[in-house]
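Beneath this line is the structure, given in structure tokens, with notes to follow.
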Amino acid sequence: MARPRVFEIERAVEIATDLFWRNGYERTSLADLTQAMGITPPSFYFAFGSKEGLFKKVLEHYMRTRLGYAEEALNEPTARGVAEQMLLRLADLYADPGYPPGCLAVNCSLPGHASTTALQHEFAEVREGRRRRLRDRLEKAQAAGDLPADCDPDQLAEFILLFDSGMALAARSGATREELHRTVATALKAWPS
């Protein structure tokens, strides 16, 4: 008869999400994780395989529970509405006092924060998926006449993601929600019309 697991996996992933988000990947040790989860290293390895295996679950959880709200902006009726709502929602996320400041993925992908090639590849895949979804939505807007014909949807998607990363870093450095919202309003003055 198998022994029952003494901890809840989803709760452990939430705890790890907070630790990685707050400290970065490299500065979050196995000891930090097992202590916060209240488990032993053997239980940790049995459940997650490795720290990297746990982090992949954390990234999936973060994308589903936190970034998913920003990605819902892809359903806005206009391209400008997509950009505005996505950026405002990200500003809200990055400056939410109930969570660590900034973006979990950005915080963990900074130099010295994610040393493994596999994790860098994981970050690149997540970013590319977000860029592709945004580009596809902007291409639809362009085909419908909502963006000028001479606008490059791929470059516009890249601009939004770069702006997103900049907001995450600003929030990590103490920028408030209101400051980020004002910056979004300023950036959108350059939106193609």
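The values are calculated or read from the model by the stated rules, or taken from the named source; none is laboratory data. Source: prediction; values computed, not measured. As a convention, Cβ positions derive from the backbone with ideal geometry for all residues, glycine included, and neighbour counts pool all protein chains shown.
Of all residues in segment 36-71, those being free of Cβ contacts under 8 Å to residues at least 12 places away in the same chain and closer than 22 Å to Y94 by Cβ number 4. Every test in (1) under 25 Å from L188 (Cβ atoms); (2) of a type in the set (S, T, N, Q); (3) surrounded by fewer than 18 Cβ atoms within 10 Å (Cβ to Cβ) is passed by Q142 save one, and that test is (3). Kindly provide the set of residues from segment 74-108 that are under 25 Å from E26 (Cβ atoms) and of a type in the set (D, E, K, R), ordered by number. Correct list: D96 only.
I need the helices (runs of 4 or more DSSP H) fully contained in segment 57-137, keeping only those with at least 1 residues that are out of contact with any Leu (no Cβ under 8 Å at 6 or more places or on another chain), over 17 Å from A168 (Cβ atoms) and at pLDDT 90 or above.
On the way: elements: 68-71, 79-94, 104-109.
In segment 57-137, the matching helices (runs of 4 or more DSSP H) lie at 79-94.
For F123, the stated conditions hold: it is within 16 Å of L59 (Cα to Cα) and surrounded by 15 or more Cβ atoms within 10 Å (Cβ to Cβ).
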